[in-house]
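Visitor: What follows is a structure written as structure tokens; I'll ask about it next.
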Amino acid sequence: MPLPYSEIVMEHFRHPRNVGRIENPDAKAVEGSPACGDMVAVYLKVDEKTHRIEDVKFESYGCASNIATGSIVTELAKGKTIEEAKQITWKEASDALGGLPPIKTHCSVLAVDSLRAAIQNYEERHGLVAEREPTTVEAVTRRLKHVMNPVVGLDLVRTKLVREVSIADGVVRVVIDLPATHQFANNIREEIEEKVGHLWDVQQVVVQFTE
Ligand code: FES
């Protein structure tokens, strides 16, 4: 039986706004859903002085609900300051879509989490993070839970690809249990560098592969 989608959801699914990527974005994030293994990437262009979001685009590898939420959430975020955009909730996005079936809640959560992760990436890249706790192995591991293993669409930690994490003198070393020649090795390296490299006390991220 088809899911009872509202007209607004169907309209945003058929004609999603702000789809695509921004070259040289001021911030970006890729998030995956542990519930279904789908992924969303969000790119931001932000005015450096006012911190207002001038442009936002998304790429979704998810379902209709996810595409529709990505569309509405980027519409809601455009023109807002990053502080204002941080306040957008999945409930607000879902309400703006005329509601989503409960079984599809995680799809809208994924779209909103991706926007928030991109905003966090902006704040980290621009030194706007207020809490400056020293980076720990646990904190790095938490971030690795947001780096996807594209082979199976689940994160690196859940798929047990992280063999080792260590931190010394601002250098974070991550050992990934894959050969360096693996087709996704470079993607994974870039994602780890993006997720970990902007932490305030991290000077370098070294990603090593096991073969
Ligand atoms: Fe994966 Fe909707 S089922 S995003």
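The values are calculated or read from the model by the stated rules, or taken from the named source; none is laboratory data. What you see is a predicted model; the values in this text were computed from it and never measured. When we count neighbours, we look across all protein chains shown, and the Cβ atoms used for this are built from the backbone with ideal geometry, even at glycine. Quick note on the areas: whole protein, heavy atoms, side chains included, nothing else; ligands and nucleic acids left out. Shrake-Rupley method; radii C 1.70, N 1.55, O 1.52, S 1.80 Å.
Visitor: Tally the residues that are outside any helix (DSSP H, G or I) and either out of contact with any Gly (no Cβ under 9 Å at 6 or more places or on another chain) or modelled with pLDDT under 95 (or both), restricting the search to segment 1-16.
Guide: Number satisfying all stated conditions: 7.
Visitor: If you don't mind, another one. Of the residues THR74, THR69, which is open to solvent by less than 20 Å² (accessible area, probe 1.4 Å), away from the ligand (no atom under 13 Å from the Cβ), in contact (Cβ under 8 Å) with a residue 24 or more places away in the chain and touching a helix residue (DSSP H, G or I) at 6+ places or on another chain (Cβ under 8 Å)? Walk me through it before giving the result.
Guide: Values: THR69 fails: away from the ligand (no atom under 13 Å from the Cβ).
One residue alone meets the criteria, THR74.
Visitor: Just one of LYS91, LYS104, LYS160, LYS57 is without any contact (Cβ under 8 Å) to a residue 24 or more places away in the chain and outside any loop (DSSP other than H, G, I, E, B); which is it?
Guide: Criteria check complete, one pass: LYS91.
Visitor: Okay, moving on. May I ask you to list the residues in segment 66-88 that are assigned to a helix (DSSP H, G or I) and either farther than 17 Å from GLY20 by Cα or not assigned by TED's automatic domain parsing to the domain that holds SER114 (or both)?
Guide: Narrowing segment 66-88 to residues assigned to a helix (DSSP H, G or I): 66-77, 82-86.
Scanning segment 66-88 gives ILE82, GLU83, GLU84, ALA85, LYS86.
Visitor: When segment 196-211 is examined, which residues are found to be of a type in the set (Phe, Trp, Tyr) and closer than 10 Å to GLU124 by Cβ?
Guide: Once the filter is applied, which keeps residues that are of a type in the set (Phe, Trp, Tyr) and closer than 10 Å to GLU124 by Cβ, segment 196-211 yields only TRP200.
Visitor: Would you point out the residue of segment 46-66, among those that are more than 16 Å from the ligand (Cβ to nearest atom) and surrounded by fewer than 18 Cβ atoms within 10 Å (Cβ to Cβ), that is farthest from LYS104 (Cα to Cα)? Let's see the steps before the verdict.
Guide: Step one: filter segment 46-66 for residues more than 16 Å from the ligand (Cβ to nearest atom), giving 46-57.
In the following step, the residues that additionally are surrounded by fewer than 18 Cβ atoms within 10 Å (Cβ to Cβ) were identified as 47-50, 52, 54-55.
Values: ASP47: 34, GLU48: 36, LYS49: 37, THR50: 35, ARG52: 30, GLU54: 29, ASP55: 27 Å.
Filtering first and then ranking leaves LYS49.
Visitor: Here is a follow-up. Please indicate, with yes or no, whether at least one residue in segment 34-44 is modelled with pLDDT of 95 or more, away from the ligand (no atom under 16 Å from the Cβ) and more than 14 Å from VAL73 (Cβ to Cβ).
Guide: No, segment 34-44 contains no residue that is modelled with pLDDT of 95 or more, away from the ligand (no atom under 16 Å from the Cβ) and more than 14 Å from VAL73 (Cβ to Cβ).
Visitor: All but one of (1) in contact with a Pro (Cβ under 7 Å, 6 or more places away or on another chain); (2) open to solvent by 60 Å² or more (accessible area, probe 1.4 Å); (3) over 15 Å from GLY20 (Cβ atoms) hold for ASP113, so report the exception by its number.
Guide: (1)
Visitor: Among the residues of segment 129-146, write down those that are in a loop (DSSP other than H, G, I, E, B) and touching a residue at least 60 places away in the same chain (Cβ under 8 Å).
Guide: Correct list: VAL129, ARG132, PRO134, THR135, HIS146.
Visitor: What number of residues in segment 16-29 are in contact (Cβ under 8 Å) with a residue 24 or more places away in the chain and either in the same structural domain as LEU154 (by TED's automatic domain parsing) or open to solvent by 30 Å² or more (accessible area, probe 1.4 Å) (or both)?
Guide: Summing the residues that are in contact (Cβ under 8 Å) with a residue 24 or more places away in the chain and either in the same structural domain as LEU154 (by TED's automatic domain parsing) or open to solvent by 30 Å² or more (accessible area, probe 1.4 Å) (or both) in segment 16-29 gives 6.
Visitor: Inside segment 165-188, can you point out the residues that are assigned to a strand (DSSP E or B), surrounded by 15 or more Cβ atoms within 10 Å (Cβ to Cβ) and not β-branched (Val, Ile, Thr)?
Guide: Scanning segment 165-188 gives a single hit, ARG173.
Visitor: Filter segment 77-107 for residues that are basic (Lys, Arg), farther than 17 Å from VAL42 by Cα and touching a helix residue (DSSP H, G or I) at 6+ places or on another chain (Cβ under 6 Å) and give the result.
Guide: LYS104
Visitor: Let me ask something additional. (1) open to solvent by 60 Å² or more (accessible area, probe 1.4 Å); (2) within 19 Å of GLY37 (Cα to Cα); (3) modelled with pLDDT under 95: which one isn't true of LYS91, the others all being true?
Guide: Condition (2) is where LYS91 drops out.
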